[in-house]
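Scroll down for the structure; my scribbles are underneath it.
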Amino acid sequence: MYPTALTQLARVNPFSAPLFSLQTADEPQQSQLSYDVSCEFGSSQYYALCGFGGILSCGLTHTAVVPLDLVKCRLQVNPDKYKSIGNGFAVTVREDGFRGLAKGWAPTFIGYSMQGLCKFGFYEVFKVFYSDLLGEENTYLWRTSLYLAASASAEFFADIALAPMEAAKVRIQTQPGYANTLRQCAPKMYAEEGLWAFYKGVVPLWMRQIPYTMMKFACFERTVETLYKYVVPKPRSECSKPEQLVVTFVAGYIAGVFCAIVSHPADSVVSVLNKEKGSTAAQVLKKLGPKGVWKGLVARIIMIGTLTALQWFIYDSVKVYFRLPRPPPPEMPESLKKKLGLTE
């Protein structure tokens with residue numbers, strides 16, 4: 001009924017559940033799993049709860065860093081006025097007060113909640129789907145490519161969900177006097193440019209978010225694997241849940257730094273594009289130049305590093321709370337070990 005490759009790995013893994021107890025030798029494994037997990041790996045309930053975890057992880061974290069995001073966007077679109085992170089905060093507070101730092105929180109929360117739903121939910125779907133196509137051995141051998149393909153596929157749909165709210169957020173944050181709230185901004189945008197106003201930034205979003213998400217998921221998955229293999233002094237099965245979540249947070253932050261660097265040029269284009277009417281991505285890229293696309297990088301590294309670490313922490317915590325199957329870091333299948341002559 002469900003895809004086989006990852007499903008089988010999850011089923012035979014005695015530590016896939018967030019809570020487990022010791023088994024006696026004569027206890028059947030399936031009986032133990034039925035007590036430990038709340039749903040079957042690859043089931044509709046599993047995907048739905050993963051999507052819910054994505055809503056919390058992306059919606060809450062992006063909303064929490066709205067002030068930093070606002071300053072970052074203003075550094076990108078008006079570097080003459082906002083000369084640094086500190087100066088950007090000072091100018092914003094002087095002109096708009098501390099409440100001005102929260103501009104754009106509503107479209108941020110709605111947009112990134114929808115993005116998180118699609119990003120994490122579809123990632124799990126595509127990861128299982130592609131794994132089933134590859135088979136157990138190729139899933140292990142090509143696991144990095146699997147992570148890249150699954151995350152890119154998920155982000156394609158996630159950005160379509162994000163684009164309207166991202167466009168409104170940038171207008172509110174970077175155009176003084178245009179609108180102060182989502183209720184003011186959305187009708188005004190539609191009246192001026194129609195539905196296209198909400199989706200003209202979707203291609204630059206794909207340019208920014210797909211590489212970002214590919215790095216986010218692939219780097220995270222391989223970093224977790226590396227940490228448990230070379231840094232953590234004991235197997236994941238022997239780590240407590242708090243210890244596992246610490247590893248998740250560290251791996252998420254490392255992934256976030258790389259994500260920020262990879263996606264920053266496209267992020268600059270998106271910010272300017274949504275500010276200027278009638279511009280295209282190519283025109284904005286030419287206008288910014290090689291140096292202009294890197295404005296605000298330090299702020300973005302701080303923001304995205306923290307953001308990514310918290311997102312993975314929240315997402316993994318949701319899996320623990322709802323007792324979802326959590327397969328361990330991948331190991332080489334026995335059949336592949338025999339083919340490579342690694343076992344007798």
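The values are calculated or read from the model by the stated rules, or taken from the named source; none is laboratory data. Just so it is clear, the structure is predicted and the values come from calculations on it, not from any experiment. As a convention, Cβ positions derive from the backbone with ideal geometry for all residues, glycine included, and neighbour counts pool all protein chains shown. With ligands, DNA and RNA removed, areas are computed over all heavy atoms of the protein, side chains included. Shrake-Rupley method; radii C 1.70, N 1.55, O 1.52, S 1.80 Å.
Figures for the structure shown
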quantity: Any hit, the range 301-319, residues being open to solvent by less than 10 Å² (accessible area, probe 1.4 Å), in contact with a Cys (Cβ under 9 Å, 6 or more places away or on another chain), part of a helix (DSSP H, G or I) and among the β-branched types (Val, Ile, Thr); calculated: yes
quantity: Matching residues in the range 141-193 - criterion: being under 24 Å from Phe122 (Cβ atoms), open to solvent by less than 30 Å² (accessible area, probe 1.4 Å) and among the polar types (S, T, N, Q); calculated: Ser151, Ser153
quantity: Number of the exception - Tyr178 against (1) in a helix (DSSP H, G or I); (2) over 18 Å from Ser113 (Cβ atoms); calculated: (1)
quantity: Residue satisfying all of: in the range 233-248; free of Cβ contacts under 8 Å to residues at least 60 places away in the same chain and among the β-branched types (Val, Ile, Thr); most open to solvent (accessible area, probe 1.4 Å) among these; calculated: Val246
quantity: Conditions (1) touching a His at 6+ places or on another chain (Cβ under 6 Å); (2) basic (Lys, Arg); (3) part of a loop (DSSP other than H, G, I, E, B); number of the one not met by Lys295; calculated: (1)
quantity: Test for Asn87: is it within 25 Å of Phe220 (Cα to Cα) and without any contact (Cβ under 8 Å) to a residue 12 or more places away in the chain; calculated: no
quantity: Subset tally (residues that are surrounded by fewer than 20 Cβ atoms within 10 Å (Cβ to Cβ) and not in a loop (DSSP other than H, G, I, E, B)) for the range 69-88; calculated: 3
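Yes/no matrix, rows are residues, columns are (1) open to solvent by less than 70 Å² (accessible area, probe 1.4 Å); (2) more than 24 Å from Arg208 (Cα to Cα):
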{"residue": "Lys229", "(1), (2)": "no, yes"}
{"residue": "Val250", "(1), (2)": "yes, no"}
{"residue": "Cys259", "(1), (2)": "yes, no"}
{"residue": "Leu273", "(1), (2)": "yes, no"}
{"residue": "Gln283", "(1), (2)": "no, no"}
